[in-house]
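The values are calculated or read from the model by the stated rules, or taken from the named source; none is laboratory data. The structure presented is a predicted model; accordingly, all values stated were derived computationally and were not measured. With ideal geometry, Cβ positions are generated from the backbone for all residues, glycine too; neighbour counts draw on all protein chains shown. The protein model used for the area step is the full one, side chains on, heavy atoms only, and it has no ligands, DNA or RNA in it. Shrake-Rupley method; radii C 1.70, N 1.55, O 1.52, S 1.80 Å.
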Amino acid sequence: MPSVRFRLNGVETVVDADPDASLLAILRGKLGLTGPHFGCGANECGACNVIVGDHAVASCDTPLWSVVDKDVTTIEGLGRPEQPHPLQRAFIAEQALQCGYCVSGILMSAAALLMQNPNPTSTEVKAALDRNLCRCGSHNRMVRAVLRAAAEMAAP
């Protein structure tokens, strides 16, 4: 197996794996991360979203070779238990978590949005989260949480 090198949550990572394997399979399998979830396997639900560079991508259909020498961030790298990311705090404060299956992908989509646009409108948040499916009906609370986190991150 060839070695594939990338930065995972800020740490240089080398994986001996098939470069055509999905990033999700490597993250959950060889690397043992449980944050990105398998949902549809077809880039339709967002449960597996991670950030590559500053864009949210569906790791289920992202080949490993495409992240060589790139920064990959999963929910495990977004914040720490002792210091959650503002998005994580806002999702808790706004009660935007229900079953939790979709939340890591939604948080990654929201984090990518805030990396690109630190002061989004409600419409921009909705557009950024549009590809993330949530069956629990928390959409309005999620939008409020993203706007709340953006405001917190902008405050001095």
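Observations on the model:
- Pairing each residue of segment 72-96 that is more than 21 Å from Leu133 (Cβ to Cβ) with any residue that is acidic (Asp, Glu), provided the two are 6+ apart or on different chains, yields C-beta distances under 7 Å for Pro86/Glu152.
- Scanning segment 14-42 for residues that are more than 25 Å from Cys99 (Cα to Cα), open to solvent by 20 Å² or more (accessible area, probe 1.4 Å) and touching a Leu at 6+ places or on another chain (Cβ under 8 Å) yields Asp18, Pro19, Asp20, Ala21, Ser22.
- Residues of segment 26-51 that are in contact with a Phe, Trp or Tyr (Cβ under 9 Å, 6 or more places away or on another chain) and at pLDDT 95 or above: Arg28, His37, Ala47, Cys48.
- Condition check for Met108: modelled with pLDDT of 95 or more, under 16 Å from the mean Cα position of the chain (by Cα) and within 24 Å of Asp20 (Cα to Cα): yes
- Positions within segment 54-77 being assigned to a loop (DSSP other than H, G, I, E, B), under 19 Å from Pro19 (Cβ atoms) and open to solvent by 40 Å² or more (accessible area, probe 1.4 Å), in sequence order: Val68, Asp69, Lys70
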